[in-house]
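One structure below.
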Amino acid sequence: MQSNHLSRHAQQVLTVTQGKARLEGPGSDPSIARSWLRCLEDYHLDPAMAMAPTVLEHGRILESRERLQQVLQIAGTEMSSLHQQLSGAGHAVLLTDARGIILNCVTAPTERKIFERAGLWLGADWSEAREGTNGIGTCLVERQSLTIHQEEHFRGRHTGLTCSASPVFDPHGELLAVLDVSSARQEVSRQSQFHTMALVNLSAKMIESCYFLRYFENQWLLRFHLQAESLGLFSEGLLAFDGEGRICAVNQSALNLLGHIRGGLLGKPVETFFDCSLDELLGRASTLASASWPLRTRDGRPLFATLRGQPRVIPQPIQARPVSLPVRPVAGICLVDPALQTDFRRALRVFERDVPLLINGETGSGKEAFAKAVHHASGRANKAFVALNCASIPESLIESELFGYRGGTFTGARKEGMRGKLQQADGGTLLLDEIGDMPLALQTRLLRVLEDRMVVPIGGEPQPVDVRIISATHRNLLGRVEDGSFREDLYYRLNGLEVALPALRERSDKSPLLDFVLAEEAGEHQVTLEPAARQALLDFTWPGNVRQLRNVLRTLVALSEDGRICLEDLPAIIRRSKPAPQVATPVDNPENPLDDAERNALLTVLEQQRWHMTHVAAQLGVSRNTLYRKLRKHGIARGA
């Protein structure tokens, strides 16, 4: 049956490539027909041959990931967000380098084997020359977004896949990576991919813009658009220039807005293209660049712009009275919840004394943001903050990523070797995210590093390392200790102080948190929530926590055309959600002392476990649902 299918598909490919026109179906798209022709004439591939994928050796994968380390860091969150927006099931979100090598994959753990059987392995080469017409490889050749649906693949073995891919370009216009969403479901129609393709495009542009901003964080950065409200969106123009005013790089949107090709701008004075002097331009600079201002091109076209950079200091007369400045909040995190404020102060105090932190909380509750905020508020703020997600890196790569390796240790290893995350974080902080998923063998090596303060790269000699460790997990580590999947001595070594982050539904600062995340996602343009929309967002239970809130707000901001978000703009699941029932504050009931005793017992255990609901439920011997039901019954809320 399989051989018949491969033969039929091969005949279909040959029919198209022999110049026999097709009005519909696979091969009717000129880009598909061009790709099929390349596969036959340039790559000499056989559409009926069921070849296994070509996969890079371990060392080559690590080397490729290291080359794109910054892109992988930026793309990681965006890929998880995209997977969540696609409802997860049945999709694999992939990132490849400019050669088509898969460097990261986000998919449901239960579906990983399905996609591996389809050839979507970490390190697999999906260039067009290797695998024929496919989303990744053909996107690399065509340098544009496209969808390859089932029978449009060149190889018959890939016709069960539907792939939507978008290119990611670097600030110099060179192809940097490809973002791809692949589905192995047979019922996927080509029309259904329009929505998927739009989301992939948006995510790729977000990765491009974030990479551009980070790449030139020490240069002057001009951001501009035809509409002031579009600044901060992926369609804005980005232009970096040096201290002498000469243009270093531009993105494609900037070229479109200015009507020039890249070669016509690079190295030229920025004032050549805008109707103002360099001094006037620099006088507008701001480190935050929050307010836009009108800017005209040399040919008179009106734009709106912001300029990120250190403002030119103009001497001011000495003030007669000192000006009192407000206390600055902790950067990158909202800590209005009083209990969270207390947790943060305690965490910072012990972290400064080199006591390890263990952050526990549901997925998406902000564990990495909390860890990063502790690092930036500490005495190590000017040193490296390095994060390693133990759940997102394949088990075969974690050891190399964490400890590094000596050159020539294994096939494909670089001659000079590779520094692991522990060495990269030397002098700073290492966050071991999802520590509960670390393989048992690596736990032993990590414990030795913590005890000896020495790291031993694979095949290398011991080297001293000065690093502070913060661990994070959504799992019950004590339960893992009991079932033997986590070392007890490592648990107590990492758990100097445990911080239990509340789920979003449990936080007392949901309203200011909503404003905080909206402001971050809106960037430099004003977006307001209408009261009904705001209340619906506050009433929603947010099973995906802060990460889900951020994803929803990011989409709403991107789709907002007039700077306002109405109730009708919200996703249906949020609009139709019923608000949580309001429970009246209970009064003492002398006629029912059992209720009083239960309420007091709940409060006692909550305080003992610092409101970590999983631990509270475990100590009381009830399910989390039962625990929440009892909390509502007694009117108990965090911060109350």
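The values are calculated or read from the model by the stated rules, or taken from the named source; none is laboratory data. All values reported here derive from a predicted model rather than from experimental measurement. Cβ placement follows ideal geometry from the backbone for every residue including glycine, while neighbour counts extend to all protein chains displayed.
Assorted remarks:
- Qualifying residue in the stretch 478-499 (condition: free of Cβ contacts under 8 Å to residues at least 24 places away in the same chain and either farther than 30 Å from residue 354 by Cα or assigned by TED's automatic domain parsing to the domain that holds residue 78 (or both)): no
- Across the stretch 224-238, the qualifying residues are those that are farther than 15 Å from residue 521 by Cα and in a loop (DSSP other than H, G, I, E, B), and the one among them that is modelled with the highest pLDDT is 226.
- Residue under evaluation residue 136, criteria (1) in contact with an Asp or Glu (Cβ under 7 Å, 6 or more places away or on another chain); (2) aliphatic (A, V, I, L, M); (3) surrounded by fewer than 24 Cβ atoms within 10 Å (Cβ to Cβ), criterion not met: (3)
- Residues of the stretch 139-185 that are surrounded by fewer than 24 Cβ atoms within 10 Å (Cβ to Cβ) and charged (D, E, K, R): 142, 143, 151, 157, 170, 174, 185.
- For residue 276, the criteria (1) surrounded by fewer than 21 Cβ atoms within 10 Å (Cβ to Cβ); (2) without any contact (Cβ under 8 Å) to a residue 40 or more places away in the chain; (3) outside any loop (DSSP other than H, G, I, E, B) hold in every case but one, which is (3).
- Qualifying residue in the stretch 101-109 (condition: out of contact with any Gly (no Cβ under 9 Å at 6 or more places or on another chain) and at pLDDT 95 or above): no
- Residue 386 being under 15 Å from residue 471 (Cα atoms) and touching a Lys or Arg at 6+ places or on another chain (Cβ under 9 Å): yes
- Of everything in the stretch 509-529 that is under 21 Å from residue 374 (Cβ atoms) and not acidic (Asp, Glu), the residue that is surrounded by the most Cβ atoms within 10 Å (Cβ to Cβ) is 513.
- When the stretch 512-528 is filtered for residues that are part of a helix (DSSP H, G or I), among the aliphatic types (A, V, I, L, M) and touching a Lys or Arg at 6+ places or on another chain (Cβ under 8 Å), the ones remaining, listed by number, are 513, 514, 517.
- When 111, 128, 116 are checked against the criterion of being assigned by TED's automatic domain parsing to the domain that holds residue 185 and farther than 23 Å from residue 86 by Cα, 128 stands alone in meeting it.
- Every pair of residues 6+ apart whose Cβ atoms lie under 8 Å, when the first sits in the stretch 248-266 and is under 13 Å from residue 173 (Cα atoms) while the second is of a type in the set (Asp, Glu): 248/242; 251/208; 253/236
- Being part of a strand (DSSP E or B) and either surrounded by fewer than 17 Cβ atoms within 10 Å (Cβ to Cβ) or in contact (Cβ under 8 Å) with a residue 60 or more places away in the chain (or both) holds for only one residue in 358, 388, and it is 358.
- Listing of helices (runs of 4 or more DSSP H) fully contained in the stretch 421-490 that carry 1 or more residues being within 24 Å of residue 379 (Cα to Cα) and touching a Pro at 6+ places or on another chain (Cβ under 7 Å): none
- Residue within the stretch 547-554 that is at pLDDT 85 or above, more than 25 Å from residue 363 (Cβ to Cβ) and in contact with a strand residue (DSSP E or B) (Cβ under 9 Å, 6 or more places away or on another chain) present: no
- Those residues of the stretch 101-133 which are surrounded by 24 or more Cβ atoms within 10 Å (Cβ to Cβ) and at positive phi, in sequence order: 132
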